[in-house]
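Asker: Right, I'll just put the structure down here and ask away after.
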Amino acid sequence: MTAKHDQIANTLIADILDDGYRAGERLPSERDLAARFQANRGAVREAMKTLQQLGLADIQPGGARVQQREQASLDIIGHILGRGDLPDRNVVDQVLVVINNLLALAAEQAITVASDEQIEEIRQATRPLYQQQLGHVEHALARFSLLRAVMVASKNLPLQLIAKSLFEQFAPNMESLAVFVETDHTGYADYARKLDGALQGRNAAAVRRTFEAFAKLNRESLIKAYNAAQHALDNAANTQAKEAVNR
């Protein structure tokens, strides 16, 4: 069961993200929020602390004001993606761009700083992607193992932390699309072999080109899944509407 202060925080976060409260606008007082949510003021204060930590509210002695979304912390991404039946398409695309670029940067750095043993670990992580009979879950796990091996070998802590935060918020919110994802096994296998060769030769430019190709495959796959999921939702809504008319 969700704690009361989390319920309050989640509702206020949704209100702010839906422009129920605009940037610069004062949020209701503790007393008014306590009345709205039928909660004690302690729960309201805890909820407001959450908003402050997310960078959505600036709390001063005279009250709290909504902050610009651009001033929020990275942790707001999960809340944005979690709204609605499907995650926001534009934000999904933006997050993919960032994650893919972070991964390419990590791979380039790994080429420079990683030991031979770590390069070999990355090469080993590419091998499962050669297989064209993996199920969707197994293939996703193989891609994650490759991502993790590259991030570790990069030895870049800020990059690792940013990528970890984004991925942990991104992955759970893709579950509504997972059933619609069709993996291009042939494409992944081809690029995995090219990546293996580029890693063996410590060719940074070739490694970046390969990860850019992986990124294109990921994006194309997710766009198709999103379109299929939206089509399924639209069909379900139309069916419900027809059933309601015929009752």
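Asker: Tell me, please, whether a residue that is touching a Phe, Trp or Tyr at 6+ places or on another chain (Cβ under 6 Å) and in the same structural domain as Asp88 (by TED's automatic domain parsing) can be found in segment 192-210.
Answerer: Yes, the conditions are met somewhere in segment 192-210.
Asker: Same structure again: Right, Ala171: assigned by TED's automatic domain parsing to the domain that holds Ala106, surrounded by fewer than 18 Cβ atoms within 10 Å (Cβ to Cβ) and under 19 Å from the mean Cα position of the chain (by Cα) or not?
Answerer: In short, yes.
Asker: Let me confirm something: among Ser145, Ser154, which residue is more than 20 Å from the chain's Cα centre (by Cα) and of a type in the set (Gly, Ala, Ser)?
Answerer: Ser154
Asker: Taking the options Arg22, Arg65, Arg89, Arg69, name whichever one is of a type in the set (Lys, Arg), in contact (Cβ under 8 Å) with a residue 40 or more places away in the chain and surrounded by 15 or more Cβ atoms within 10 Å (Cβ to Cβ).
Answerer: The conditions single out Arg65.
Asker: Same structure again: Just one of the numbered conditions (1) modelled with pLDDT of 90 or more; (2) closer than 28 Å to Asp85 by Cβ is not true of Ile162; which one?
Answerer: (2)
Asker: Right, next: Return the total of residues in segment 74-86 being in a loop (DSSP other than H, G, I, E, B) and either touching a strand residue (DSSP E or B) at 6+ places or on another chain (Cβ under 7 Å) or in contact (Cβ under 8 Å) with a residue 60 or more places away in the chain (or both). Reasoning before the result, please.
Answerer: Within segment 74-86, the first condition is being in a loop (DSSP other than H, G, I, E, B), and the residues that meet it are 74-75, 82-86.
If we keep only those that are either touching a strand residue (DSSP E or B) at 6+ places or on another chain (Cβ under 7 Å) or in contact (Cβ under 8 Å) with a residue 60 or more places away in the chain (or both) as well, we get 74-75, 82-83, 85-86.
Adding up the residues that qualify gives 6.
Asker: Considering segment 32-73 alone, what residues qualify as being part of a loop (DSSP other than H, G, I, E, B) and either more than 14 Å from Ala3 (Cα to Cα) or among the β-branched types (Val, Ile, Thr) (or both)?
Answerer: Of everything in segment 32-73, those that are part of a loop (DSSP other than H, G, I, E, B) and either more than 14 Å from Ala3 (Cα to Cα) or among the β-branched types (Val, Ile, Thr) (or both) turn out to be Leu54, Gly55, Leu56, Pro61, Gly62, Gln67, Gln68, Ala72, Ser73.
The values are calculated or read from the model by the stated rules, or taken from the named source; none is laboratory data. Keep in mind that what you see is a predicted model, and the values were worked out from it rather than measured. Please note: Cβ atoms are built from the backbone with ideal geometry, for glycine as well, and neighbour counts cover all protein chains shown.
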